[in-house]
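The values are calculated or read from the model by the stated rules, or taken from the named source; none is laboratory data. Because the structure is a prediction, the values reported are computed rather than measured. Reconstructed Cβ throughout: ideal geometry from the backbone, glycine too, with neighbour counts over all protein chains shown. These area figures cover heavy atoms from the full protein model, side chains too; ligands, DNA and RNA do not enter into them. Shrake-Rupley method; radii C 1.70, N 1.55, O 1.52, S 1.80 Å.
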Amino acid sequence: SARVIDHYRTYRPRWLAASSERRPARAGRAANDTQRADEAWQGELWRRIQADMPQRREHPAAAFLRAVGGMDAAQLAAVGLPQRIHVVALPALPPLYLDMLRELARVVDVQLHTLNPCREYWFDVVDARRLSWLAARQADMFLDTGNRLLAAWGRQTQAHIDQLFEGEHAVQEEAAFAPHPGGHLLAKVHNAILDLVELEPGSVALAPADRSIEVHVCHSRTRELEVLHDRLLGLFAADPALRPEDIVVLAADLEGTAPLVEAVFGTAPPARRIPWRITGLGGTRENAVARALDALLALVGGRFPASRVFDLLQQEVVAARFGLDVAALETVHEWMRLAGIRWGLRAADAGSAAPHTLEEGLHRLFLAWAAGDAAARAPFAGRVGAAHPEGGEALALGRFWRYVETLRGLRDNLLREHDAPGWQRSLNEALDRLVGDDPRWAEELREVRGALATLAANIAAAGLDSPLPLQVVQPALAALLDDPARGGVPGGALTFSALPALRGLPYKVVAIVGLDQHAFPGSARADEFDLLAAFPHKGDRQRREDDRNLFLDLLLSAREVLHLSYTGRSVRDGAPLPPSVLVDELLDVLAEACAADPADPAALAAARRRLTVEHPRQAFTADYFLPDAARDPRLVSYHE
């Protein structure tokens with residue numbers, strides 16, 4: 001409900017204003033009984049929230065605009081408002097913010113720089129299938145068709161640019177368009193969108209070497225990355241001017257793909273290594289200190305399973321704090337297995353599973369170290385020694401014990417409720433004891449400690465003076481550390497990022513992995529009580545429309561090569577799996593344009609196969625290494 005109210009503040013401030021005055025936000029006839037009931041309780045919730053606000057009757061944006069509207073140039077400069085404001089390449093702008101910019105333009109120069117995929121007037125263009133649906137309802141007046149891909153995928157940009165010209169204020173427009181100079185298929189697609197024309201059926205004679213748009217069908221996400229790695233090596237070999245920074249790889253699921261990138265690109269031998277980096281992950285993935293703190297809080301709130309206890313210990317920042325190198329960590333892992341450690345810190349906490357706790361396991365390890373082989377032959381004080389640590393291994397055993405003792409102390413403190421300053425102290429203490437103050441992590445520590453200070457400030461600003469439990473604080477801290485506003489940052493290497501992070505930036509090669517049927521576009525549904533979804537307006541952001549427009553933007557970002565891949569075969573039995581609907585729509589358009597006879601289903605299927613590469617299950621399959629005449633020349637593997 002908090003997210004829904006926040007969306008109302010951005011997209012429907014008039015609804016909240018009506019709720020404040022106990023007026024209906026929607027016309028009575030437009031809403032059904034359930035929606036009226038939702039409106040009633042949401043209005044009451046908003047009035048209670050508003051009652052705790054210092055300014056109860058006015059939106060902060062309205063107060064800001066009223067204040068700056070009465071200032072002269074000197075006063076504006078005195079409060080730090082610039083003479084000119086540039087807003088660059090936003091894919092969409094909520095009406096509230098657009099109204100703010102319009103009002104702000106009365107006193108300062110506001111310049112919006114917007115990407116427009118088409119130089120023709122295309123704001124009345126709809127997809128041909130939708131036009132037929134509208135025609136059946138006699139609602140197609142003044143509408144037209146143009147480029148299918150633009151009409152089907154560009155609705156968000158269409159609404160965004162159309163809104164920029166609405167309102168009572170005059171808009172000065174400057175436009176600059178340049179056709180793609182290439183002669184390959186990707187360039188033809190770009191120029192057809194630019195000119196608002198359709199690629200005519202059978203109009204494209206695809207050259208044998210034209211691989212500017214390809215869809216690669218694989219058995220798993222790992223195979224997608226292996227195929228991509230081989231494809232990039234081939235591109236580097238064919239074009240010496242191509243550099244890693246000219247390439248971006250976007251993943252529909254970056255969180256799930258990131259470990260596989262490390263496994264494929266990070267383990268390549270030096271002769272086949274491509275410089276790469278991952279950007280746009282949340283702080284709990286990119287920041288080693290944040291990752292350790294997040295893992296600790298998840299561990300403290302659970303049953304301390306042995307696997308997660310060891311996972312935390314082997315994180316570099318934690319292992320360094322307790323002086324355990326790779327060999328010592330392997331030894332500790334084997335000790336935990338031989339000592340029967342399964343879960344739990346103390347025997348008193350584990351009930352019937354007491355023999356399998358860390359406490360009992362350490363008793364058995366210390367007994368074996370002290371008594372040697374005798375501890376394995378006969379019980380001592382009801383325990384039998386385990387793993388037989390000896391000699392210099394005592395150092396590693398002592399350090400492992402110190403780690404477990406640290407977890408015990410931290411758990412007791414973190415499971416208690418604290419107020420805002422108390423949580424800041426406790427979490428900083430956890431960092432001191434778990435990570436230390438190693439100069440190697442200085443920048444990451446600074447970032448996490450800053451997030452802890454922000455968390456405490458947010459709790460205080462919310463007026464929460466009573467102590468809070470860990471279950472409330474942990475997700476709030478994770479949200480700060482994983483702030484989505486950080487986005488992706490291009491660097492001087494091959495960049496892996498989430499799909500929206502580098503939207504609109506041109507690259508010679510754009511590769512998109514993970515375009516499975518249910519992965520993209522997203523299928524998240526609005527909450528059933530979300531009136532914004534029930535009564536949409538032009539300019540509202542909807543997940544599926546946003547994803548479609550994102551795919552269009554990425555298609556236009558690729559200058560030379562667009563590499564698409566998805567898991568299209570079951571790794572179990574090889575059964576075909578469908579791609580994203582957007583991949584199918586793109587292939588439908590391209591196959592029709594490239595087919596020798598667009599009216600012949602066999603020719604359409606052949607054109608579709610020409611744009612698709614089916615890969616074997618393994619990178620070392622013989623199909624990759626057969627003589628050229630016996631295989632698809634696009635099947636190339638460097639895994640010799």
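Summary table
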{"read-out": "For segment 565-640, alpha-carbon Rg relative to the globular expectation (2.2 N^0.38 Å, N residues)", "value": "1.27"}
{"read-out": "For Arg402, solvent-accessible area (1.4 Å; no DNA, RNA or ligand), Å²", "value": "90"}
{"read-out": "Area accessible to solvent at Leu604, 1.4 Å probe radius, in Å²", "value": "60"}
{"read-out": "Within the chain, helix-based [θ] at 222 nm, where runs of 4 or more DSSP H residues each add -39,500 (n - 2.57), nearest 500", "value": "-14500 deg cm²/dmol"}
{"read-out": "Mean shadow area of the chain, taken as a quarter of the surface of its Cα convex hull (nm²)", "value": "38.6"}
{"read-out": "Viscosity 0.692 mPa s, temperature 37 °C, Stokes-Einstein D of segment 255-343 from Kirkwood C-alpha radius, µm²/s", "value": "218"}
{"read-out": "Three-way shape call for segment 201-241 based on the alpha-carbon gyration tensor, with the a/c threshold at 1.5", "value": "oblate"}
{"read-out": "Folded to 0 to 90 degrees: helix 601-610 orientation relative to the chain principal axis, Cα", "value": "50"}
{"read-out": "Quarter of the Cα convex hull surface for segment 449-589, i.e. its orientation-mean projected area (nm²)", "value": "14.4"}
{"read-out": "Area accessible to solvent at Cys218, 1.4 Å probe radius, in Å²", "value": "0"}
{"read-out": "Positive-pole candidate from Leu228, Pro355, Ala205, dipole of the chain, charges at beta carbon", "value": "Pro355"}
{"read-out": "Largest to smallest accessible area among Thr157, Thr34, Thr331 [probe 1.4 Å]", "value": "Thr34, Thr331, Thr157"}
{"read-out": "Neighbourhood net charge (15 Å Cβ-Cβ; Lys/Arg +1, Asp/Glu -1) for Asp546", "value": "+4"}
{"read-out": "Crossing angle, helix 581-594 versus the chain [Cα axis fit, 0-90 degrees, rounded to tens]", "value": "50"}
{"read-out": "Residue order for Glu545, Glu174 - accessible surface, 1.4 angstrom probe, largest first", "value": "Glu174, Glu545"}
